[in-house]
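Take a look at the structure below.
Throughout, read-outs are computed from the coordinates displayed, never taken from laboratory work. On a predicted model such as this, the values are computed, not experimentally measured, just so you know. Cβ atoms come from the backbone with ideal geometry, glycine included; neighbour counts cover every protein chain shown.
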Number of protein chains: 4
Amino acid sequence: TTSSIARILKARGVPLTVVKIDPYLNVDAGTMNPYQHGEVFVLDDGTEVDLDLGNYERFLGESLPGNHNLTTGKVYRTVIEKERRGDYLGNTVQIIPHVTGEVKHMLREAAQHAQAELTLVEVGGTVGDIESMPFLEALRELQQEVGGRDHMAFVHTTLVPVVGAVGEAKTKPTQHSVRELRSLGIQPDMIVARGPAALTPDLRAKISLFCDVPPEAVIAVPDLPTVYQVPLHLESQGVGDYLVKRLGIEGA
Amino acid sequence: TTSSIARILKARGVPLTVVKIDPYLNVDAGTMNPYQHGEVFVLDDGTEVDLDLGNYERFLGESLPGNHNLTTGKVYRTVIEKERRGDYLGNTVQIIPHVTGEVKHMLREAAQHAQAELTLVEVGGTVGDIESMPFLEALRELQQEVGGRDHMAFVHTTLVPVVGAVGEAKTKPTQHSVRELRSLGIQPDMIVARGPAALTPDLRAKISLFCDVPPEAVIAVPDLPTVYQVPLHLESQGVGDYLVKRLGIEGA
Amino acid sequence: TTSSIARILKARGVPLTVVKIDPYLNVDAGTMNPYQHGEVFVLDDGTEVDLDLGNYERFLGESLPGNHNLTTGKVYRTVIEKERRGDYLGNTVQIIPHVTGEVKHMLREAAQHAQAELTLVEVGGTVGDIESMPFLEALRELQQEVGGRDHMAFVHTTLVPVVGAVGEAKTKPTQHSVRELRSLGIQPDMIVARGPAALTPDLRAKISLFCDVPPEAVIAVPDLPTVYQVPLHLESQGVGDYLVKRLGIEGA
Amino acid sequence: TTSSIARILKARGVPLTVVKIDPYLNVDAGTMNPYQHGEVFVLDDGTEVDLDLGNYERFLGESLPGNHNLTTGKVYRTVIEKERRGDYLGNTVQIIPHVTGEVKHMLREAAQHAQAELTLVEVGGTVGDIESMPFLEALRELQQEVGGRDHMAFVHTTLVPVVGAVGEAKTKPTQHSVRELRSLGIQPDMIVARGPAALTPDLRAKISLFCDVPPEAVIAVPDLPTVYQVPLHLESQGVGDYLVKRLGIEGA
């Protein structure tokens, strides 16, 4: 989804880049078993990263450097090295503000180096996992620092499973994950509903109501034959227009 | 409180030891500013640790080695080094089971080396902090592995503040932290209520009811003139007898 | 599932009965639209109730009276009438202890009247709904009052959806609902996994580990051609033996 | 606090009224024991209500009718009567949307009848209590319906206890209750910190940071000799200006 949104917005001339956050503790994907995790993708600078980075490059038609992939291992290793060097001047080193500070620093660096006006950050994993909490907190702080919801938007991808013989679409998992996100201080601005369910007006209204998201920001992404159809599918539901307006991106 | 419980049980002849978990990211207390965090305590083997370890040594009349102090920094550094060496055989390294596994391994090592039948583990910080979650999950798993609640008990220390002109004792913070503990899968076996409040029978019954803890396992620890009075205070409320019976410790 | 468990245990000669809790605010099902909620079932005493009661009667081969169906409407109406009559002697009337007290009273009455040694209580709705909270709290208190987990067990029915082209079974919804249950002070003793997923040993071990439930208490109930096959299916997975042993039911 | 805020805003010429929500199940305060709950206040129309209503009348210099006091008992009794009459046309009656709908209806009625441009709604009890959840959900929906945060603001009153010999102010209870509020979909716009703590710039910044509230919207209300000093105290911290600006109230 991230690469498709990136594609849509880039097509409108927005200078953007993409960063992937993988909350696992591996410092990079180099040590990971391809049978378990899928093939590793090797960037032009030699960094071994998650396959998603390959998707980004293909969708953006650009080469990305290794610092566009953050992992828990990479962040904690940096923080622990700094602590050992005495960089924190004797402070008790904590997730807030030290780990979240490092995450924000890495994101700002990647964005500045890419001279991007807009940076899409994809956080892997599931809301509620301990691994992703420091990253989500960092993003919450970042939103505050850049001036609030007019300057940074959260897109929440969630599963809407269909169960039983009659194919009833279940929104409880979405309600759960949105409640969890909110308790972390994050209010999603757009909901992307994955799954086979057609998003009926009723279902869309229900999700809109309990997520505090306008109906036009509830988007369905069913399983499509190829990922290359996803950008067109998103565009047809007005994702590009909504985000451009929401973030006040000029000339797009 | 931990050192006092240790003192009480040691006086009954239970071969025990104590481990302190500090959820901060500093690898050890050596880099920490004494003005902010209090003086560092230096163990006989040269490790610089939290002052609490000094309390343990004084209360137990024993010298403790450096591996009786775990920190987030120490655990994550070990896990990341193992990952870089390929010890995880290409697996995606996660908090569960890899970080929790390392915590359990470190705790077992400290206990075995000390030839202890009982190990008291104090977890610093506050329930609900992201930092302490991997440690609490490790302890939950450990309880399952050692055979359940008859072999491992959780003592939850909580603040019961007194507010207003009439000095009303507030149990809401206790309810909150117990709910949080439970959502992590931990059911406390004893509640230690810190604060100036006298624990009236009413208050004790209320805490007992919503915490699922018998009334005799709700213990008050007010602010005493010196910490050396705490063991006597706990003993007078039956803490020793309760824990010995609860854990089925023979000959104690 | 409840009626099937009832069938299995009744076949072993356990004198039991069944109560259904519907957390909706309708006092009974008489006013409910059959197109929306399904047909109403009329008990021998004329009470109009949820269709599930019909299932119980068929599976047990017995007639049930109207007080075997509790709804939020019925409970609150009773409590509000008592309050207006002054039965609470001027107390501030609260969910805890007044509503939960009424729920426990109604459950005890139904059980005593039916001369049952074991009462199965099915709570409709979803964990986390506000409607079901007073009922779950009442059951938590009841477990404490009857002497703990050896005398009352919780069976948690949860959806394990299968998603995507490769048919991956998702346990996140189960983790979420168990975490929610625990935060309410309820530790499930058995997990019934609904859904098309075959419960592989791996999946069973995973659910067992994070739910603190032994592997043999993780039960799969796929969609079967008729509900009358469910009891046999449960029996083949050892549900009857497990519950009889767990609750120490003699001669069964 | 509510009556003081009302006083401040009324002094600026804003046509306003006040509604008190008491989440207890008593239909009105008439049956309540004065020894336990304090004296009952009798409105001009004869309704027996909570003492707070008396405060409102004194601070506003106005007489309020009985429908300016909502209780769980009053709301549920109305909903259950409507259900019995068939007003819900056979629907399954649920907290959402039926109870929350009734709450919103009652609030709108009270506001319209009082010809108020601004209505202050005080919700008694504690965030996280089951009793207050339907009311908080109703207010969340109401905010959405009136056009979002520019038209309706949430003021969260929270306890900042001071503990120990050195008098350390604890913000954990505030963090907990704000997290709980957020998980219910409510983002506070102003934090009122009750308690003896002086709000140091550090403390204010900390609360501001994790509550996503600007520092000038973090207000301290210590225990004052008389409640009549509270309005002046709030005014001196800029509460009036902040709220007038926040809600875009003209000519005030």
Worksheet entry | Cross-link pairs A:Lys170/B:Lys172; B:Lys172/D:Lys20; B:Lys172/C:Lys20; B:Lys245/C:Lys245; B:Lys170/D:Lys10 - those with Cα-Cα distance over 28 Å | A:Lys170/B:Lys172; B:Lys172/C:Lys20; B:Lys170/D:Lys10
Worksheet item: For A:Ala111, what is the net charge nearby, where nearby means another residue's Cβ is under 12 Å from its Cβ and Lys, Arg count +1, Asp, Glu -1?
Response: 0
Discussion item. Cut-off is 10 Å between beta-carbons; in what order do B:Tyr56, A:Tyr24 appear when sorted fewest neighbours first?
Written reply: A:Tyr24, B:Tyr56
Discussion item. Using the Kirkwood radius over C-alpha pairs as Rh, can you work out the diffusion coefficient of chain A via Stokes-Einstein at 4 °C, viscosity 1.567 mPa s, in µm² per second?
Written reply: 67
Worksheet item: Given the options B:Glu145, B:Glu216, B:Glu109, which has the most mean-square fluctuation in a GNM of chain B, springs set between C-alpha atoms less than 10 angstrom apart?
Response: B:Glu145
Practice prompt. Compute the separation of the alpha-carbon centres of the range A:28-44 and the range C:137-175 and state it in Å as a whole number.
Written response: 36
Discussion item. Rounded, prolate or oblate for the range A:153-246? Axes are the square roots of the Cα gyration tensor eigenvalues, ordered a ≥ b ≥ c, and the cut-off for rounded is a/c under 1.5.
Written reply: oblate
Response to the item:
Once phi for every residue in the range C:71-78 is put through the Karplus expression 6.51 cos²θ - 1.76 cosθ + 1.60 (θ = phi - 60°), the whole-Hz ³J(HN,Hα) values, with Gly and Pro written as x, are 10, 4, x, 5, 5, 5, 4, 4
Worksheet item: DSSP beta bridges in the range B:1-150, what fraction antiparallel, as a percent rounded to 5?
Response: 20
Worksheet item: Going by how many other Cβ atoms sit within 10 Å of their own, how do B:Ser3, A:Ser236 line up, fewest first?
Response: A:Ser236, B:Ser3
Practice prompt. Take the alpha carbon gyration tensor of the range A:82-172, find the square roots of its eigenvalues, order them as a ≥ b ≥ c, and report rounded if a/c is under 1.5; if not, report prolate when a/b exceeds b/c, else oblate.
Written response: prolate
Response to the item:
Correct semi-axes for the range D:1-150, from √(5λ) of the alpha-carbon gyration tensor and rounded to whole Å with the largest first, are 25, 20, 14
Worksheet item: What is the fewest-to-most order of B:Leu159, A:Leu89, B:Leu25 by other Cβ atoms lying within 10 Å of their Cβ?
Response: A:Leu89, B:Leu159, B:Leu25
Worksheet item: In whole Å, what three semi-axes, largest first, describe the equivalent ellipsoid of the protein assembly as shown built from its Cα gyration tensor (square root of 5 times each eigenvalue)?
Response: 41, 37, 36
Item to complete: Tell me which residues come under 5 Å, amide H to amide H, from B:Leu70 once H is placed; ignore anything under 5 positions away on its chain.
Response: B:Lys20, B:Ile21, B:Asp22
Fill in: Pair C:His233, C:Ala11: separation of 7 Å Cα→Cβ label points (nm)
1.5
Response to the item:
Looking along the axis that carries chain C onto chain D, the residue of C whose Cβ comes nearest, with distance in whole Å, is C:Tyr76, 2
Practice prompt. Over the whole of D:175-184, what's the average partner chain Cβ count within 10 Å per residue? Rounded to a whole number, please.
Written response: 5
Practice prompt. Set the Förster distance to 30 Å, then compute FRET efficiency between D:Lys104 and A:Lys245 from the Cβ-Cβ distance, nearest 0.05.
Written response: 0.50
Worksheet entry | Antiparallel bridge percentage (DSSP; both residues within the protein assembly as shown; nearest 5) | 20
Worksheet item: Inter-copy label distances at D:Pro222, 7 Å along the Cα→beta-carbon direction, one decimal in nm, shortest first?
Response: 2.6, 6.5, 7.0
Worksheet, complete the sentence: Residues whose built amide H sits under 5 Å from the amide H of D:Thr157, excluding neighbours closer than 5 in sequence, are D:Val192
